[in-house]
Each structure stands twice: as structure tokens, then as C-alpha cells.
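The values are calculated or read from the model by the stated rules, or taken from the named source; none is laboratory data. Predicted, not measured: the structure shown is a model, and the values here were computed from it. Cβ placement follows ideal geometry from the backbone for every residue including glycine, while neighbour counts extend to all protein chains displayed.
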């Protein structure tokens, strides 16, 4: 039995100067065959493996990660969690995730530091205000908490903001989701890894997938950096590299891979206790528990796999942040980085079966996948285990690009994708 | 920041340009003969290459003319610039895992 994390194990280990905490997960060599293989050891992949084991009793499962756990977009996002999406299909998916977030630390016995501090989406003009009212009404019809704040309400909720926005980005109001907030992104990957490992899932790092063995339209296994692994079911959860893997399996995807940037500042005392997002300027900001301001910027306009963003995007975002928060003008940025996001033409993800039998894909989350991690893993595990989509992810099939049933969240999703 | 060598104006910063995505997508000559799968492929499916990508750019804040670029999407190196309608130059294949 794995050590449970609680106050007693903490006290016991404190006595031993924290020298012999057991490893959170094993690092086994891959077996020659599994019932299911998950390609991609980020939050979504690990969550998929966890729910496969927990809900579908499929424990002969391996997660293959090309580098280290959570080293891709899971560790590169701005940690924002919300579910205030416009369309019914998206609302159902993200709210499903939100409900799982609310019990996640207890479920995993791992503190993911989920903090429901409230997420504001700013309105800078009359059109934004109307869009916000429309979205808030749609959210409420879907049972998602959401409300409209006027300018004074925004100032009361977030005193650090300057409502004049330097004249360029005046704040006229905002939508507020009080259940939204942030979570510690690394802890999400580690928590799912530990919990999945405890149920028997093999987590194999530094194991890139190089190709697939497919016969009669059915997947037989995967060729990896650590040899061939037989598997009748393979779930691809590769984020930015979705098209690279799909090409190797012989089909095409409607995704474009672009770097999305984020930055953190030097740490300061608490000044911002909520999450502020502005779709119009594509900037978001919150403050981490360490005190750093965590700032999200936009995507590069061209295809890129370089895990770094271009400077004009950084400049534009920081310009907007300085107008909205003049008090941050003299802060120094410590680090900036990029993650490769795979964006779909309708800015909605793909959680689907593929033209290859036994091969499933979870990709296309674009700029907003982190918030969906638990829900995505949960419904994708269902899709893999039963070979049928869950009612929640059925609309997010690859087939929608053929049928024309797009879920167009461009702009509608409270942020310009 | 990319420095893009506009064939008409010379090297300029990337902020002067707009991106036109994948080049050399041929519009179907007989649209009425296409089924839904073909349309989906034409409209939505992307090459999205990790390696050398052939793409279109337009010098929006300059001469406003379109041209093609061959660019490495990992190193961001621009390998060739060539006019619209021209065949892509022969370039060594680059592949990344």
C-alpha cells in the first residue's frame, strides 16, 4: 500500500528530516504488451490513464512520455480554470471538468492547490458588454455560475486595476465566474501520475513514439524509443505534436501548431487575488502563491514548433497589462517561455475515434486545455474503454469537420483564440 | 522576431507581414464532383509540418503583395522566398521527431 499523504505521514517524515519519503511513482521498463497505451504524459494523458484504471478497471496500461512528465503544455500554461463557455457542447465539457476539479485533491490524495478565486473577463467596449451579457445568460441556462459586473463592481472585486486602461483599454464591465480560479499545474500531472501508478499503470518517461504498426485498418502496437510495444488500444494525447503522430498513423488533422507564450515576474507581496482576462487584448494575469505575477500572452501568427514565442507578441501583451495595471509598470519579468498549442479551425478540441480502429485521439485544445484536464481524461477514458464516445465528447469528434457540425468557440469562449 | 526578405521591398521585420498559412493548396477544378470527405480535406485538414513548411505571406504594411516562403518551423530559419505561382525550390528534407 502506497503511503497516504496526511498530517500523520507528514509528521512522521518530518521526524526523519524528510529524508525517506517514498517515490511518488515507479519508473518501470516497458512490458512487451499492454491492454492500452496512452501516448503523452501530460495532464490529459495521465488523467486518461487514471480514469481508465479507476472507472473502467483497465489497469494493464502504460503512459509513454517522450521527455518528462508534465514538461509540455501542462507545465507551461497560466494555470487558469473556468467553465464559462458559450455553446452548450463546450459548457457541458468544461463544467464536467470543473466539477471534477472541485473534488480533485481529495480524489487523488494530492494537493493540486485548486483555488476558486474568481475569474474576470473584461469588457472594453459596448460590443464586449453585449457579448458578455449573452455569454453569462447562456452559462446560467447551462447551470454554470456566471454574473455581469459593472465598472464599479470590477474595481471593488479587483482594486489594483485602473478602469481607465490608459485610454486605450477602458474597462466598462466584466463577466465573473466565482468558481473559476487557478490550480498548481505541475501538481496536477504529479497527482494523476501518482494515483494512476498506485492503481497499476506503468508510467514510462523518455520514451518517444516513433510509429505505429497497423494491419487491416487496426492498430497492433507502437514502435517506441524503447522498443516495440503491443497494444490493441492506443490513445494519442500529444498536444502540439498531434499532426506529427497522426501523419505516422496515416491520417490528417485539422490542427495548426503555434507557440503560446507566458511570462512570470519577480515575486511580490499579495496584490492580485483573482484572475483577470481580457479577450480583446489577449492578456491574462494572476498572482501565484509564490507571489509572481503569471501573465499569459497570445499565440504567434505562424506555424511553429520552437517552444518559444516571438517578441512582438510579448510586447503587445505587456503593453496592455501596463495600461490596465499601471502599478505593475516597473516590475521586472523573470522568465518567459512558449508551449506548442494545436488549434482547431473552430477553436474546440477533438476527442474522438480515428480512421484507424483502436486508435483514439485527444488533441486540438488550442490555448485552453489545462482547465479541462480532469474532464478530458474522464471522457477520453470512457471513449477508449468502451470504444464509444461519452455523451459529453460525442460532439467533439473528428467527423464534425466532414459533417459541418462545428462548435465555433472563436471569440465566443470569452477569449480571442 | 523573423526577418523576412520581401522580394519587392527587401528584408523587413515580421510585424509588417501577415500570414497566409500553407501554400500550394489547389482549389478543386470540379467542385461538384467532390464528396464530403474531399471537402473536409480541402477546407480543414492541414499539413502543419514540423520541418520545412511552404507557406504564404503578404507584406500588409508595405507593398501589400503576396509571396511564398519556405521556412523551418523548428529553427524558424527562412530557407527560400519565391513568387506566387512559382514551383517551390528544391530543398533538402529536414525531419524532426
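So that you can scan it fast, the table gives a plain yes or no per residue for (1) buried (at least 23 other Cβ atoms within 10 Å of the Cβ); (2) touching a residue at least 40 places away in the same chain (Cβ under 8 Å):
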| site | (1), (2) |
| --- | --- |
| A:11 | no, no |
| A:15 | no, no |
| A:24 | no, yes |
| A:28 | no, yes |
| A:35 | no, yes |
| A:47 | yes, yes |
| A:54 | no, yes |
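Are any residues in segment A:333-357 away from every other protein chain (no Cβ under 12 Å), surrounded by fewer than 24 Cβ atoms within 10 Å (Cβ to Cβ), farther than 14 Å from residue A:260 by Cα and in contact with a helix residue (DSSP H, G or I) (Cβ under 9 Å, 6 or more places away or on another chain), and if so, which ones?
A:333, A:352, A:353, A:354, A:356
Would you check which residues across segment A:8-44 are within 30 Å of residue A:371 (Cβ to Cβ) and out of contact with any helix residue (DSSP H, G or I) (no Cβ under 8 Å at 6 or more places or on another chain) and list them?
Those that are within 30 Å of residue A:371 (Cβ to Cβ) and out of contact with any helix residue (DSSP H, G or I) (no Cβ under 8 Å at 6 or more places or on another chain): A:10, A:23, A:27, A:34, A:35, A:37.
Answer yes or no: is there a residue in segment B:8-18 that is in a helix (DSSP H, G or I), at the interface with chain A (Cβ under 10 Å from one of its Cβ atoms) and closer than 16 Å to residue A:301 by Cα.
First pass over segment B:8-18, keeping only residues in a helix (DSSP H, G or I): B:14-16.
Now restrict to residues that are at the interface with chain A (Cβ under 10 Å from one of its Cβ atoms): B:14-15.
Those still in the list that are closer than 16 Å to residue A:301 by Cα too: B:14-15.
Checking segment B:8-18: at least one residue is in a helix (DSSP H, G or I), at the interface with chain A (Cβ under 10 Å from one of its Cβ atoms) and closer than 16 Å to residue A:301 by Cα.
When you scan segment A:75-92, do you find a residue that is under 17 Å from residue A:48 (Cα atoms), touching a helix residue (DSSP H, G or I) at 6+ places or on another chain (Cβ under 9 Å) and assigned to a helix (DSSP H, G or I), even just one? Lay out the reasoning, then the answer.
So in segment A:75-92, the residues under 17 Å from residue A:48 (Cα atoms) come out as none.
Scanning segment A:75-92 turns up no residue that is under 17 Å from residue A:48 (Cα atoms), touching a helix residue (DSSP H, G or I) at 6+ places or on another chain (Cβ under 9 Å) and assigned to a helix (DSSP H, G or I).
Scan segment B:62-97 residue by residue and report those that are touching a helix residue (DSSP H, G or I) at 6+ places or on another chain (Cβ under 9 Å) and within 12 Å of chain A (Cβ to nearest Cβ).
To start, the set of residues in segment B:62-97 that are touching a helix residue (DSSP H, G or I) at 6+ places or on another chain (Cβ under 9 Å) comprises B:62, B:96-97.
Hits for segment B:62-97 are B:96, B:97.
Out of (1) touching a helix residue (DSSP H, G or I) at 6+ places or on another chain (Cβ under 9 Å); (2) over 18 Å from residue A:409 (Cβ atoms), what's the single condition that is false for residue A:117?
The number of the failed condition is (1).
Going by the structure shown, is residue A:198 more than 14 Å from chain B (Cβ to nearest Cβ), surrounded by fewer than 24 Cβ atoms within 10 Å (Cβ to Cβ) and under 29 Å from residue A:100 (Cβ atoms)?
Numbers: more than 14 Å from chain B (Cβ to nearest Cβ): yes; surrounded by fewer than 24 Cβ atoms within 10 Å (Cβ to Cβ): yes; under 29 Å from residue A:100 (Cβ atoms): yes.
Here the answer is yes, as residue A:198 does meet what is asked.
Yes/no per residue for (1) touching a helix residue (DSSP H, G or I) at 6+ places or on another chain (Cβ under 7 Å); (2) more than 14 Å from chain B (Cβ to nearest Cβ); (3) surrounded by 22 or more Cβ atoms within 10 Å (Cβ to Cβ); (4) closer than 27 Å to residue A:54 by Cα:
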{"position": "A:208", "(1), (2), (3), (4)": "no, no, no, yes"}
{"position": "A:218", "(1), (2), (3), (4)": "no, yes, no, yes"}
{"position": "A:221", "(1), (2), (3), (4)": "no, yes, no, yes"}
{"position": "A:231", "(1), (2), (3), (4)": "no, yes, yes, yes"}
{"position": "A:243", "(1), (2), (3), (4)": "no, no, yes, no"}
{"position": "A:251", "(1), (2), (3), (4)": "no, no, no, no"}
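Among the candidates A:296, A:306, single out the residue that is in contact (Cβ under 8 Å) with a residue 12 or more places away in the chain and within 14 Å of chain B (Cβ to nearest Cβ). Reasoning before the result, please.
Details: A:296 fails: within 14 Å of chain B (Cβ to nearest Cβ).
It is A:306.
Find the residue count for segment A:150-179, including only residues that are under 27 Å from residue A:76 (Cβ atoms) and touching a helix residue (DSSP H, G or I) at 6+ places or on another chain (Cβ under 8 Å). Spell out the reasoning first.
Narrowing segment A:150-179 to residues under 27 Å from residue A:76 (Cβ atoms): A:158, A:160-161, A:169, A:174-179.
Next, only the ones that are touching a helix residue (DSSP H, G or I) at 6+ places or on another chain (Cβ under 8 Å) stay: A:160-161, A:169, A:174-177, A:179.
Result for segment A:150-179: 8.
Would you confirm whether any residue within segment A:263-283 is within 14 Å of chain B (Cβ to nearest Cβ), over 14 Å from residue B:46 (Cβ atoms) and in contact (Cβ under 8 Å) with a residue 60 or more places away in the chain?
To start, the set of residues in segment A:263-283 that are within 14 Å of chain B (Cβ to nearest Cβ) comprises none.
For segment A:263-283, residues within 14 Å of chain B (Cβ to nearest Cβ), over 14 Å from residue B:46 (Cβ atoms) and in contact (Cβ under 8 Å) with a residue 60 or more places away in the chain: absent.
Taking the options A:268, A:275, name whichever one is surrounded by fewer than 23 Cβ atoms within 10 Å (Cβ to Cβ), more than 26 Å from residue A:243 (Cα to Cα) and at pLDDT 95 or above.
On the way: A:275 fails: surrounded by fewer than 23 Cβ atoms within 10 Å (Cβ to Cβ).
Testing whether each residue is surrounded by fewer than 23 Cβ atoms within 10 Å (Cβ to Cβ), more than 26 Å from residue A:243 (Cα to Cα) and at pLDDT 95 or above leaves just A:268.
Please count how many residues of segment A:370-415 are closer than 27 Å to residue A:57 by Cβ, in a loop (DSSP other than H, G, I, E, B) and more than 14 Å from every other protein chain (Cβ to nearest Cβ).
7
Name the residue that is farthest from the other protein chains (Cβ to nearest Cβ), counting only residues in segment B:19-54 that are in contact with a strand residue (DSSP E or B) (Cβ under 8 Å, 6 or more places away or on another chain) and more than 20 Å from residue A:364 (Cβ to Cβ). Before you say what the answer is, go through the steps one by one.
Just the residues of segment B:19-54 that are in contact with a strand residue (DSSP E or B) (Cβ under 8 Å, 6 or more places away or on another chain), to begin with: B:19-24, B:46-48, B:50-54.
If we keep only those that are more than 20 Å from residue A:364 (Cβ to Cβ) as well, we get B:20, B:23-24, B:51-52, B:54.
Details: B:20: 10, B:23: 12, B:24: 15, B:51: 9, B:52: 11, B:54: 11 Å.
Only one residue tops the list, namely B:24.
Take the residues of segment A:56-71 that are within 18 Å of the chain's Cα centre (by Cα) and more than 14 Å from every other protein chain (Cβ to nearest Cβ): which is surrounded by the fewest Cβ atoms within 10 Å (Cβ to Cβ)?
Filtering segment A:56-71 for residues that are within 18 Å of the chain's Cα centre (by Cα) and more than 14 Å from every other protein chain (Cβ to nearest Cβ), the one surrounded by the fewest Cβ atoms within 10 Å (Cβ to Cβ) comes out as A:68.
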